[in-house]
Amino acid sequence: MDLITPAFGLIFWQTLIFLVVLLILGKFAWKPILGALQTREDSIDEALRMAEKAKEEMASLKADNQKLLLEAKVERDKMLKAATKIAQEIKDQAKEDALLIGDKMIEDAKSSIESEKNNALKQIKDQVAELSLQITEKLLKKNLADDKSQQELIQSYIKEIKLN
(Lines give C-alpha, C1' and ligand atoms only; values in the text may rest on other atoms or scores of the structure.)
Protein backbone atom coordinates (compact mmCIF):
# COMPACT_ATOMS: atom_id res chain seq x y z
CA MET A 1 0.00 0.00 0.00
CA ASP A 2 2.90 2.24 0.29
CA LEU A 3 2.86 2.64 -3.43
CA ILE A 4 -0.71 3.77 -3.54
CA THR A 5 -0.63 6.25 -0.66
CA PRO A 6 2.51 8.38 -0.63
CA ALA A 7 4.01 9.70 2.56
CA PHE A 8 3.80 13.35 3.57
CA GLY A 9 7.55 13.95 3.21
CA LEU A 10 7.53 12.70 -0.33
CA ILE A 11 4.64 14.98 -1.28
CA PHE A 12 6.35 17.96 0.40
CA TRP A 13 9.68 17.43 -1.37
CA GLN A 14 8.05 16.78 -4.73
CA THR A 15 5.95 19.92 -4.33
CA LEU A 16 9.00 21.92 -3.29
CA ILE A 17 11.08 20.62 -6.23
CA PHE A 18 8.17 21.26 -8.57
CA LEU A 19 7.88 24.86 -7.36
CA VAL A 20 11.64 25.42 -7.67
CA VAL A 21 11.65 23.96 -11.18
CA LEU A 22 8.57 26.06 -11.94
CA LEU A 23 10.33 29.24 -10.73
CA ILE A 24 13.51 28.43 -12.65
CA LEU A 25 11.51 27.68 -15.80
CA GLY A 26 9.40 30.83 -15.28
CA LYS A 27 12.50 32.97 -14.79
CA PHE A 28 14.68 31.55 -17.55
CA ALA A 29 12.67 29.41 -19.98
CA TRP A 30 9.10 30.68 -20.24
CA LYS A 31 9.95 34.25 -21.24
CA PRO A 32 12.20 33.13 -24.13
CA ILE A 33 9.69 30.43 -25.15
CA LEU A 34 6.76 32.88 -25.00
CA GLY A 35 8.89 35.50 -26.81
CA ALA A 36 9.78 32.99 -29.50
CA LEU A 37 6.13 31.99 -29.80
CA GLN A 38 5.09 35.64 -30.00
CA THR A 39 7.80 36.31 -32.62
CA ARG A 40 6.68 33.26 -34.56
CA GLU A 41 3.02 34.38 -34.33
CA ASP A 42 3.99 37.89 -35.48
CA SER A 43 6.02 36.51 -38.42
CA ILE A 44 3.13 34.24 -39.40
CA ASP A 45 0.70 37.20 -39.24
CA GLU A 46 3.11 39.31 -41.30
CA ALA A 47 3.50 36.49 -43.83
CA LEU A 48 -0.29 36.18 -44.06
CA ARG A 49 -0.63 39.97 -44.54
CA MET A 50 2.08 39.91 -47.22
CA ALA A 51 0.44 36.93 -48.92
CA GLU A 52 -2.89 38.76 -48.90
CA LYS A 53 -1.20 41.90 -50.24
CA ALA A 54 0.55 39.83 -52.94
CA LYS A 55 -2.78 38.21 -53.78
CA GLU A 56 -4.38 41.66 -54.15
CA GLU A 57 -1.46 42.87 -56.27
CA MET A 58 -1.73 39.78 -58.46
CA ALA A 59 -5.46 40.40 -58.90
CA SER A 60 -4.70 44.04 -59.74
CA LEU A 61 -1.96 42.99 -62.18
CA LYS A 62 -4.28 40.44 -63.73
CA ALA A 63 -6.97 43.11 -64.16
CA ASP A 64 -4.36 45.48 -65.64
CA ASN A 65 -3.15 42.72 -67.97
CA GLN A 66 -6.73 42.03 -69.06
CA LYS A 67 -7.24 45.75 -69.66
CA LEU A 68 -3.99 46.03 -71.63
CA LEU A 69 -4.87 42.93 -73.62
CA LEU A 70 -8.27 44.36 -74.44
CA GLU A 71 -6.72 47.70 -75.43
CA ALA A 72 -4.17 45.86 -77.60
CA LYS A 73 -6.97 43.91 -79.31
CA VAL A 74 -8.91 47.12 -79.93
CA GLU A 75 -5.79 48.81 -81.30
CA ARG A 76 -5.04 45.79 -83.48
CA ASP A 77 -8.59 45.84 -84.83
CA LYS A 78 -8.27 49.56 -85.57
CA MET A 79 -4.97 48.99 -87.37
CA LEU A 80 -6.43 46.10 -89.38
CA LYS A 81 -9.44 48.21 -90.36
CA ALA A 82 -7.17 51.09 -91.34
CA ALA A 83 -4.89 48.77 -93.33
CA THR A 84 -7.90 47.20 -95.05
CA LYS A 85 -9.27 50.64 -95.88
CA ILE A 86 -5.91 51.82 -97.25
CA ALA A 87 -5.54 48.61 -99.27
CA GLN A 88 -9.04 49.10 -100.72
CA GLU A 89 -8.23 52.73 -101.57
CA ILE A 90 -4.99 51.68 -103.25
CA LYS A 91 -6.86 48.96 -105.14
CA ASP A 92 -9.57 51.40 -106.24
CA GLN A 93 -6.96 53.98 -107.26
CA ALA A 94 -5.03 51.36 -109.23
CA LYS A 95 -8.23 50.27 -110.95
CA GLU A 96 -9.08 53.88 -111.78
CA ASP A 97 -5.55 54.50 -113.05
CA ALA A 98 -5.73 51.35 -115.16
CA LEU A 99 -9.02 52.50 -116.68
CA LEU A 100 -7.56 55.94 -117.43
CA ILE A 101 -4.45 54.40 -118.97
CA GLY A 102 -6.62 51.99 -120.97
CA ASP A 103 -8.80 54.86 -122.22
CA LYS A 104 -5.70 56.87 -123.14
CA MET A 105 -4.24 53.88 -125.00
CA ILE A 106 -7.53 53.44 -126.88
CA GLU A 107 -7.61 57.15 -127.76
CA ASP A 108 -3.96 57.01 -128.87
CA ALA A 109 -4.69 53.93 -130.97
CA LYS A 110 -7.75 55.62 -132.52
CA SER A 111 -5.78 58.76 -133.36
CA SER A 112 -2.92 56.63 -134.73
CA ILE A 113 -5.39 54.65 -136.85
CA GLU A 114 -7.03 57.89 -138.03
CA SER A 115 -3.62 59.35 -138.89
CA GLU A 116 -2.63 56.20 -140.79
CA LYS A 117 -6.00 56.23 -142.56
CA ASN A 118 -5.55 59.87 -143.59
CA ASN A 119 -2.01 59.14 -144.79
CA ALA A 120 -3.26 56.16 -146.80
CA LEU A 121 -6.10 58.25 -148.32
CA LYS A 122 -3.65 61.03 -149.18
CA GLN A 123 -1.31 58.54 -150.83
CA ILE A 124 -4.24 57.04 -152.77
CA LYS A 125 -5.36 60.53 -153.87
CA ASP A 126 -1.82 61.40 -154.89
CA GLN A 127 -1.55 58.16 -156.87
CA VAL A 128 -4.97 58.74 -158.46
CA ALA A 129 -3.97 62.29 -159.37
CA GLU A 130 -0.67 61.11 -160.78
CA LEU A 131 -2.35 58.31 -162.75
CA SER A 132 -4.97 60.79 -164.00
CA LEU A 133 -2.25 63.15 -165.15
CA GLN A 134 -0.41 60.33 -166.86
CA ILE A 135 -3.62 59.16 -168.58
CA THR A 136 -4.49 62.74 -169.56
CA GLU A 137 -1.01 63.32 -170.86
CA LYS A 138 -1.16 60.17 -172.95
CA LEU A 139 -4.61 61.09 -174.28
CA LEU A 140 -3.54 64.64 -175.10
CA LYS A 141 -0.42 63.40 -176.82
CA LYS A 142 -2.48 61.00 -178.83
CA ASN A 143 -5.28 63.48 -179.62
CA LEU A 144 -3.02 66.45 -180.20
CA ALA A 145 -0.41 64.65 -182.25
CA ASP A 146 -1.28 66.60 -185.37
CA ASP A 147 -1.60 70.41 -185.86
CA LYS A 148 -5.22 70.31 -186.92
CA SER A 149 -6.46 68.80 -183.66
CA GLN A 150 -4.38 71.33 -181.69
CA GLN A 151 -6.03 74.20 -183.58
CA GLU A 152 -9.52 72.79 -182.89
CA LEU A 153 -8.79 72.50 -179.16
CA ILE A 154 -7.50 76.06 -178.97
CA GLN A 155 -10.61 77.33 -180.78
CA SER A 156 -12.91 75.45 -178.37
CA TYR A 157 -11.12 76.98 -175.38
CA ILE A 158 -11.40 80.45 -176.84
CA LYS A 159 -15.14 80.02 -177.34
CA GLU A 160 -15.56 78.86 -173.74
CA ILE A 161 -13.65 81.83 -172.43
CA LYS A 162 -15.82 84.31 -174.35
CA LEU A 163 -19.01 82.66 -173.11
CA ASN A 164 -18.11 82.73 -169.52
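The number of residues in region 1-41 that are assigned to a loop (DSSP other than H, G, I, E, B) and surrounded by 10 or more Cβ atoms within 10 Å (Cβ to Cβ) comes to 1. Within region 16-69, the set of residues being at pLDDT 90 or above and among the basic types (Lys, Arg) comprises 40, 49, 53, 55, 62, 67. All of 55, 138 fail the test of being assigned to a helix (DSSP H, G or I) and either within 30 Å of residue 150 (Cα to Cα) or aromatic (Phe, Trp, Tyr) (or both), apart from 138.
The values are calculated or read from the model by the stated rules, or taken from the named source; none is laboratory data. Values in this document were obtained by computation on a predicted structure and should not be read as measured data. Cβ: placed from backbone, ideal geometry, glycine included. Neighbour counts: every protein chain shown.
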